[in-house]
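The values are calculated or read from the model by the stated rules, or taken from the named source; none is laboratory data. Small disclaimer: the values here were computed from a predicted structure and weren't measured. Cβ: placed from backbone, ideal geometry, glycine included. Neighbour counts: every protein chain shown.
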Amino acid sequence: MADTFLGGDVGDAPPEPLEDEGRRLTTSLSTSCLAVLIAVVLGGLIMLMSGENPLTAYTAMVDGAFGSKFALGETLSRAAPLAIVGYGTAVALRAGLITIGAQGQVVAGAIGALVTAQFFESAPSAVAIPAAALGGALFGMAWVLIPALLRAHFSVNEILSTLLFTEFAALLIEYLLNNPLKPPTAITPQSDPYPDNGILGLVIDGTRFHVGVFVAVAIGLLFVWWVRSDRGFSYDLYGENPNLAQSLGISGNRVIVNSLLISGATAGLVGWIQAAGLLQRVYVEIASDIGFFGLVVAFLGGATPGGVLVAALLFGALQSGGLAMQSSEGIPASLSDIIQALLLLGFSIRYAPQIIRLTRGVMANFTLIGKRRK
Amino acid sequence: MSQLLEATFWSATVAGGLRLATPLIYASIGETFAQRAGVLNLGLEGYMIIGALTSLYVADPTVAPLGFLVGGLAGMALAALMVLLSIRLFANQVVVGFGLTILGIGTTGYIFHVTTDVGGRDRQVSLPSEIDIPLLSDIPWLGDAVFGHSWYTWLSLALVLLAGFVASRTIFGLEVKAVGEDPDAAAAKGVDVLRIRTQATLISGFLGGLGGAALMLGSVGRFQPYLTANRGFIALIVIIMASWSIWGAAVGAFVFGFFEALGFNLNNVFVDVPIEGLNAIPFFVALVILTVSARWARMPRGLGENYVPTV
């Protein structure tokens, strides 16, 4: 159908370039809607089986996601970190790497941002804010450095090594917030309030829509630039066909280390905006499930600029709507997890041709361990 | 410090290690079957947690063995989705695996919240007693370490023997290996690749569910969200370390359990060292093992790639 629009000969159609979004959109919009519909209907069935009314639940959910100024702010402030992590992991995904370590990198970024902000406590905001952002990004990068080097030089699987570093981050923040970073008066593990001069203020009063949300816009624009740049192209090429890329002089090790460092830096920035904008303090659960769902968002969005944005907004809305539904109707917010999982599963088939193309790269690079021997 | 020189410290650590390893043994043996057949089951975490919740909800009004069995079946039901989406509809294994993990965590969280009233009675089961083997349990310190365990542990060890036999001494085991190494060649020899992969994945779902059930009924006794705490992913590391051998997976699971127990027990010895640092020991060991085993491990050649039959 879309081929006729483009006037190409269907039989000899050249392979679609990875970032041909307009065409993908036309061919896939109806099937995407179907996948969403299936997820919503199955979620409704689950509620029916547990004796809840799906209509009231979904009304409460939509209301909690879009129904008021506050609700919209919640949706945006939840979508932003997902989009940022989504774009970062998408860079790695396009280079053929699956990193689930964003969770730990968000935690590391939050610690880095807080420590930097405390160091610049008496500096002007114009210094303190960028410094904290940098601190967050650097800590996020540091947290992925070892997995990146192990992947590049010893073919150590990045899914599992970044997962272990997430465990390390969880233990580290638990230690820090129970000991050195804990204010003497606090009972539960937490840090001092985030320094005033580093706070990312609210855009709209009465909401939690803070300035940090715009970081997502900036990262999105950077990602658009990245996929069109020469370097981005060479990374994509490595993802799609490592042998060809290396014969063209692209260093595989550099692609692996750099793309993982980029994903670490973006996750670190999320730690920074969560600490400096949303929570204005650091807690043990600061990363909630952002790292994990950020990867899902990258998958769902097909690692493309528009796709990741839509997926992040959808997940942000589901999560804020789910929590609102829990407090107004008493239906557990885990229902949003179920719907998000169903969406991912539904899309895994709907995207099958595209995912096969995307994962041609992932699979070409894929090594659970050691070298893939052919 | 002097405690480290006492035999009881080490026998307690070995015993604790075997206890902590039990769920991992079930899960990693099942996953080994799936991966030998070429199916990368990242949904293992989901199978485990759904097995854990189901086993509790069945065992609470009835008996533990029934809960254990139904827990395994619940894991298998989730694995059936893996079969449908990845093996039959050719969706990416990694994506579906993550989806199933989230689905498992979300579904169990939902069911737990819906069925637990605030301030109401929490469903729980009493933990099993240890089965002492006469005479053997009386051996000075070795007896404490090795012979006083619940039936979940004993069953997992029996399972290792059975699975090792099936994997290396039966036609099915051979077919599993064939479809994981070279599905095209296996198909040319008349092996139904999709059927073998389906069976291996369902086995992995069943044993993953049993692993979750063993964790629940054997050592925790009550549910909490995120109960399995990434054990499903640890099982994947164990398999790599074992280089896809059944015996190795059991040993690897024990090694992880041992260092986890060591972390706990060292907390009583080195009181000044932060507990978080000691709890990091098993993960650090896992990282070292993961790195070192990249040198020798050789993964099944067809792992992670869907097989699309040519008509």
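Might you let me know whether segment B:184-192 holds any residue that is surrounded by 23 or more Cβ atoms within 10 Å (Cβ to Cβ) and assigned to a helix (DSSP H, G or I)? The answer is yes, given that some residue of segment B:184-192 is surrounded by 23 or more Cβ atoms within 10 Å (Cβ to Cβ) and assigned to a helix (DSSP H, G or I). Annotation note: of B:Phe283, B:Phe258, B:Phe254, B:Phe233, the sole residue that is farther than 30 Å from B:Thr116 by Cα, within 10 Å of chain A (Cβ to nearest Cβ) and outside any loop (DSSP other than H, G, I, E, B) is B:Phe283.
Residues in segment A:166-184 that are surrounded by fewer than 24 Cβ atoms within 10 Å (Cβ to Cβ), of a type in the set (A, V, I, L, M, F, W, C) and part of a helix (DSSP H, G or I): A:Phe168, A:Ala170, A:Leu171, A:Leu172, A:Leu176, A:Leu177. Filtering A:Leu300, A:Leu309, A:Leu295 for residues that are modelled with pLDDT of 90 or more and within 12 Å of chain B (Cβ to nearest Cβ) leaves a single hit, A:Leu295. Selection over segment A:139-158 of residues that are part of a helix (DSSP H, G or I) and surrounded by fewer than 24 Cβ atoms within 10 Å (Cβ to Cβ) gives a count of 9.
Quick one: is B:Thr198 crowded, with 19+ Cβ neighbours inside 10 Å, assigned to a helix (DSSP H, G or I) and of a type in the set (S, T, N, Q)? For B:Thr198, the condition - crowded, with 19+ Cβ neighbours inside 10 Å, assigned to a helix (DSSP H, G or I) and of a type in the set (S, T, N, Q) - is met. Please specify each residue of segment A:256-293 satisfying the condition of being farther than 28 Å from B:Tyr226 by Cα and out of contact with any Leu (no Cβ under 9 Å at 6 or more places or on another chain). Hits for segment A:256-293 are A:Asn258, A:Ile262. The set of residues in segment B:252-274 being modelled with pLDDT under 90 and over 15 Å from B:Leu4 (Cα atoms) consists of B:Asp272, B:Val273, B:Pro274.
For segment A:157-172, the condition of being in contact with a Phe, Trp or Tyr (Cβ under 6 Å, 6 or more places away or on another chain), within 24 Å of A:Gln103 (Cβ to Cβ) and without any contact (Cβ under 8 Å) to a residue 40 or more places away in the chain holds for at least one residue.
Return yes or no: is A:Ser320 among the polar types (S, T, N, Q) and modelled with pLDDT under 85? When the stated conditions are applied, A:Ser320 does not pass them. Residues that are of a type in the set (Asp, Glu) and in contact (Cβ under 8 Å) with a residue 60 or more places away in the chain occur at least once in segment B:58-73. Give just the number: which of (1) over 19 Å from A:Leu160 (Cα atoms); (2) within 16 Å of the chain's Cα centre (by Cα) does B:Arg36 not satisfy? Against the list (1) over 19 Å from A:Leu160 (Cα atoms); (2) within 16 Å of the chain's Cα centre (by Cα), B:Arg36 comes up short only on (1). In the condition set (1) under 20 Å from the mean Cα position of the chain (by Cα); (2) crowded, with 16+ Cβ neighbours inside 10 Å; (3) in a helix (DSSP H, G or I), A:Ala218 is compliant with all but (2).
The requirement of being β-branched (Val, Ile, Thr) and under 26 Å from B:Val83 (Cβ atoms) is satisfied by B:Thr228.
When residues of segment A:194-205 are filtered for being in a loop (DSSP other than H, G, I, E, B) and either of a type in the set (D, E, K, R) or more than 26 Å from the chain's Cα centre (by Cα) (or both), how many remain? Total satisfying the criteria: 2. Summed over segment A:271-293, residues that are crowded, with 24+ Cβ neighbours inside 10 Å and in contact with a Ser or Thr (Cβ under 6 Å, 6 or more places away or on another chain) total 1.
Contact map, segment B:38-50: residues that are farther than 12 Å from B:Thr107 by Cα and within 11 Å of chain A (Cβ to nearest Cβ) paired with residues that are in a helix (DSSP H, G or I) and among the small types (Gly, Ala, Ser), Cβ distance under 6 Å, separation 6+ or inter-chain. Pairs shown: B:Leu42/B:Gly97; B:Gly43/B:Gly97; B:Glu45/B:Gly232.
All conditions but one from (1) under 30 Å from B:Val273 (Cβ atoms); (2) surrounded by fewer than 16 Cβ atoms within 10 Å (Cβ to Cβ); (3) of a type in the set (S, T, N, Q) apply to A:Ser191; the one that does not is (2).
Being at the interface with chain B (Cβ under 8 Å from one of its Cβ atoms) and polar (S, T, N, Q) is the filter; apply it to segment A:149-165 and report the residue that is farthest from the chain's Cα centre (by Cα). Among residues in segment A:149-165 that are at the interface with chain B (Cβ under 8 Å from one of its Cβ atoms) and polar (S, T, N, Q), the one farthest from the chain's Cα centre (by Cα) is A:Ser155. Taken together, the residues in segment B:76-109 that are more than 20 Å from the chain's Cα centre (by Cα) and more than 7 Å from every other protein chain (Cβ to nearest Cβ) amount to 4.
B:Ile240 falls short on exactly one of the conditions (1) farther than 27 Å from B:Glu6 by Cα; (2) out of contact with any strand residue (DSSP E or B) (no Cβ under 8 Å at 6 or more places or on another chain), and that condition is (2).
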